[in-house]
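If you scroll down you'll find the structure; I have some questions about it.
The values are calculated or read from the model by the stated rules, or taken from the named source; none is laboratory data. Just so we're clear, the structure is a prediction, and the values are computed from it rather than from any experiment. Neighbour counts run over all protein chains shown; Cβ positions are idealised from the backbone, glycine included. Surface areas here come from the heavy atoms of the whole protein model, side chains and all, with no ligands, DNA or RNA. Shrake-Rupley method; radii C 1.70, N 1.55, O 1.52, S 1.80 Å.
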Amino acid sequence: MSRMERQCWWYLLVLSCLFHTLSAHSDFYTSIGHMTDLLYTEKDLVTSLKNYITAEENKLKQVKQWAEKLDVLSAIAMQDPEGFLGNPVNAFKLMKRLNTEWGDLESLVLKDTKDGFISNLTLQRQHFPTDEDQTGAAKALLRLQDTYRLDTNTISTGDLPGVTHKSPMTVEDCFELGKIAYSEVDYYHTELWMEQALKQLDEGEESTVDKVTVLDYLSYAIYQQGDLGRALELTKRLLMLDPEHQRANGNLKYFEFQLINQRKAQAQEAQKAREEGKEQRKRLTSDSSKKKKRFREPVPERKMYEMLCRGEGIKLTPRRQRRLFCRYFDNHGHPKYLLSPVKQEDEWDRPYIVRYHDIISHGEIEKVKELAKPRLRRATISNPITGVLETAPYRISKSAWLTAYEHPMIDQINQRIEDLTGLEMDTAEELQVANYGVGGQYEPHFDFGRKDEPDAFKELGTGNRIATWLFYMSDVAAGGATVFPDVGAAVWPKKGTAVFWYNLFPSGEGDYSTRHAACPVLVGNKWVSNKWIHERGQEFRRPCGLNETA
């Protein structure tokens with residue numbers, strides 16, 4: 001039975017009860033006067049019924065439009081769920097829909113009726129994304145914007161590199177991003193996204209967000225960044241739209257006062273500079289020489305990390321490039337690979353990083369993902385002081401650990417790593433599988449424990465992490481490189497390959513050039529799995545060297 005039919009039956013029941021009650025008091029047919037009272041009662045009921053029908057029709061029209069829009073979107077998304085969510089805009093909008101917009105729909109439906117849909121939605125909402133999820137997705141978009149130097153219009157129009165499921169952002173989406181940045185006291189991104197929302201409104205896009213609200217946020221964000229003139233200009237524009245806006249009227253007077261003081265101070269500074277004359281010129285000369293010196297200073301790690309993520313700043317010279325080779329590798333005549341050697345490629349010389357091609361099959365990848373998915377949990381880091389595992393904002397991924405006895409294929413993969421590296425796997429950590437989220441990343445870090453972390457792997461009893469083996473289990477449309485900021489190296493994901501490097505020198509000392517990071521995934525879905533190999537059991541497989549750093 002439909003919702004409308006149930007409501008009609010309910011009204012009939014009410015009318016039945018009403019007439020039963022009225023008939024209990026007297027026989028209305030015996031008195032026209034009494035009957036006229038019934039007409040007025042009926043008229044009131046019909047008016048109430050019409051109002052209900054009108055309200056329900058309006059509500060159902062809104063719900064139907066919402067359902068049709070989501071039906072089309074779901075049909076597109078389900079063709080390639082991972083690929084669809086590989087677009088960070090789609091992921092953000094999914095968080096926003098489930099956390100905010102479905103809640104608005106629930107409130108709309110709850111106004112007048114309750115049915116199975118509401119019960120189901122209420123039940124399911126406990127499993128929906130939270131405010132934290134929506135904020136996290138928004139921050140990921142802002143992080144991608146900064147790392148890959150994307151302008152707001154590029155993101156808003158959905159013109160991201162490698163995107164197959166293009167998704168433009170509405171005024172509401174842009175406004176929401178700006179509002180989240182505002183709540184984080186990030187006025188720079190507040191300005192960018194409020195400006196984009198205003199631009200789309202100026203271009204005629206229909207929205208529930210009005211220009212007054214956007215201008216209110218925008219003018220304050222610009223004021224907080226010190227641009228009083230522009231903040232004043234935007235406040236005047238706001239007041240043209242809403243002359244009675246209380247806060248804007250107060251801000252107008254305050255900005256005008258501050259701007260007068262700022263101009264006075266600037267005039268005084270200019271006069272002082274003119275009076276200083278030669279001293280000022282000397283100072284400028286000195287400053288310029290300092291700038292030249294600063295230019296020769298090493299690039300800060302954060303900047304180098306972002307440059308490498310964009311494919312810039314790679315430091316491999318042609319001379320060094322000529323020393324890198326590709327080869328068929330059998331690990332010194334290993335019986336397994338003597339007749340079918342694997343393809344090995346030198347990725348970097350110092351530290352020495354090699355890539356193995358076609359080293360894990362599609363079937364194996366799918367099985368590993370199948371085993372890992374039910375167990376994926378937010379990835380953690382080891383606190384350098386306490387040694388306790390904890391989540392961190394600079395590691396955005398979920399991971400799971402697979403043991404060799406869970407499935408024969410995991411044991412085969414472990415054996416393959418041992419055969420190709422020549423290192424003992426019994427003391428290695430279990431196979432870790434990771435899936436990166438929206439703008440997923442892991443900022444620069446070491447895999448090995450440093451001297452100031454004596455208890456880093458104490459509970460394992462297997463010594464330090466001597467080496468890292470990393471499988472790439474998916475291609476990534478854009479972003480997601482593994483970069484080494486100290487040496488200017490970048491390794492790009494390629495499905496079915498693996499990279500390997502030593503974290504420790506043969507002497508047991510840490511190789512600090514192996515500090516690396518996983519760049520944010522701009523577009524796509526990044527799956528990796530890795531094996532951290534430890535010192536114990538390698539005594540005869542990789543004998544200790546006498547030279548500390550060789």
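For the range 125-172, enumerate the residues that are in a helix (DSSP H, G or I), modelled with pLDDT of 85 or more and open to solvent by 30 Å² or more (accessible area, probe 1.4 Å). So that I can check it myself, show each step before the final result.
Residues of the range 125-172 in a helix (DSSP H, G or I): 125, 131-147, 152-157, 171-172.
Restricting the remaining residues to those that are modelled with pLDDT of 85 or more gives 134-147, 152-157, 171-172.
Selection gives 135, 136, 139, 143, 146, 153, 154, 157, 172.
Cβ-Cβ below 8 Å, separation at least six or inter-chain, first residue in the range 534-547 and in contact (Cβ under 8 Å) with a residue 60 or more places away in the chain, second charged (D, E, K, R) and open to solvent by 50 Å² or more (accessible area, probe 1.4 Å): which pairs?
537/426
Considering each residue of the range 338-358, count those that are touching a helix residue (DSSP H, G or I) at 6+ places or on another chain (Cβ under 8 Å) and of a type in the set (Val, Ile, Thr), and give that number. Before the answer, list the steps.
Step one: of the range 338-358, the residues touching a helix residue (DSSP H, G or I) at 6+ places or on another chain (Cβ under 8 Å) are 342, 349-351, 356.
With of a type in the set (Val, Ile, Thr) added as a condition, the list becomes 342.
Total satisfying the criteria: 1.
Next question, about the same structure. Counting only residues that are of a type outside the set (A, V, I, L, M) and modelled with pLDDT under 95, which one in the range 520-536 is farthest from the chain's Cα centre (by Cα)?
Taking the range 520-536 first, the residues of a type outside the set (A, V, I, L, M) are 520, 524-527, 529-532, 534-536.
From what's left, modelled with pLDDT under 95: 520, 524-527.
Working: 520: 8, 524: 12, 525: 12, 526: 13, 527: 15 Å.
Checked the range 520-536; the qualifying residue farthest from the chain's Cα centre (by Cα) is 527.
For the range 203-242, give me each residue that is β-branched (Val, Ile, Thr) and out of contact with any Ser or Thr (no Cβ under 7 Å at 6 or more places or on another chain).
Just the residues of the range 203-242 that are β-branched (Val, Ile, Thr), to begin with: 208-209, 212-214, 222, 235.
Listed by number, the residues that qualify are 208, 209, 212, 213, 214, 222.
To continue, here is another question. Give the residue, chosen from 489, 498, that is open to solvent by less than 10 Å² (accessible area, probe 1.4 Å), modelled with pLDDT of 95 or more, over 15 Å from residue 423 (Cβ atoms) and in the same structural domain as residue 347 (by the TED database).
Values: 498 fails: over 15 Å from residue 423 (Cβ atoms).
Checking each option against the conditions leaves just 489.
Of all residues in the range 448-471, how many are assigned to a strand (DSSP E or B) and either at pLDDT below 90 or within 21 Å of residue 543 (Cα to Cα) (or both)?
The initial filter retains those residues of the range 448-471 that are assigned to a strand (DSSP E or B), namely 465-471.
Among the residues that remain, those that are also either at pLDDT below 90 or within 21 Å of residue 543 (Cα to Cα) (or both) are: 465-469.
Adding up the residues that qualify gives 5.
State yes or no: is residue 184 open to solvent by 60 Å² or more (accessible area, probe 1.4 Å), of a type outside the set (Val, Ile, Thr) and assigned by the TED database to the domain that holds residue 136? Please lay out each step first, then the result.
Details: open to solvent by 60 Å² or more (accessible area, probe 1.4 Å): yes; of a type outside the set (Val, Ile, Thr): yes; assigned by the TED database to the domain that holds residue 136: yes.
The answer is yes for residue 184.
For the range 193-216, which positions are among the acidic types (Asp, Glu) and in contact with a helix residue (DSSP H, G or I) (Cβ under 7 Å, 6 or more places away or on another chain)? Give the derivation first.
So the first thing to find is which residues in the range 193-216 are among the acidic types (Asp, Glu), and the list is 195, 202-203, 205-206, 210, 216.
Across the range 193-216, the qualifying residues are 195, 205, 216.
Which number in (1) closer than 23 Å to residue 462 by Cβ; (2) surrounded by fewer than 22 Cβ atoms within 10 Å (Cβ to Cβ) marks the one condition that residue 547 misses?
Only one criterion is unmet by residue 547, namely (1).
Of 191, 184, 195, 203, which residue is over 24 Å from residue 143 (Cβ atoms) and charged (D, E, K, R)? Write out each step before concluding.
Values: 191 fails: over 24 Å from residue 143 (Cβ atoms); 184 fails: over 24 Å from residue 143 (Cβ atoms); 195 fails: over 24 Å from residue 143 (Cβ atoms).
One residue alone meets the criteria, 203.
Cβ-Cβ distance below 9 Å, separation of 6 or more or different chains: which pairs start in the range 441-463 with a residue that is within 17 Å of residue 530 (Cα to Cα) and not assigned by the TED database to the domain that holds residue 430 and end on one that is buried (at least 18 other Cβ atoms within 10 Å of the Cβ) and among the aliphatic types (A, V, I, L, M)?
If the second residue must be buried (at least 18 other Cβ atoms within 10 Å of the Cβ) and among the aliphatic types (A, V, I, L, M), no pairs are left.
Conditions first: (1) over 28 Å from the mean Cα position of the chain (by Cα); (2) in a loop (DSSP other than H, G, I, E, B). Residue 206 passes all but one, so which condition is the exception?
Residue 206 satisfies all of (1) over 28 Å from the mean Cα position of the chain (by Cα); (2) in a loop (DSSP other than H, G, I, E, B) except (1).
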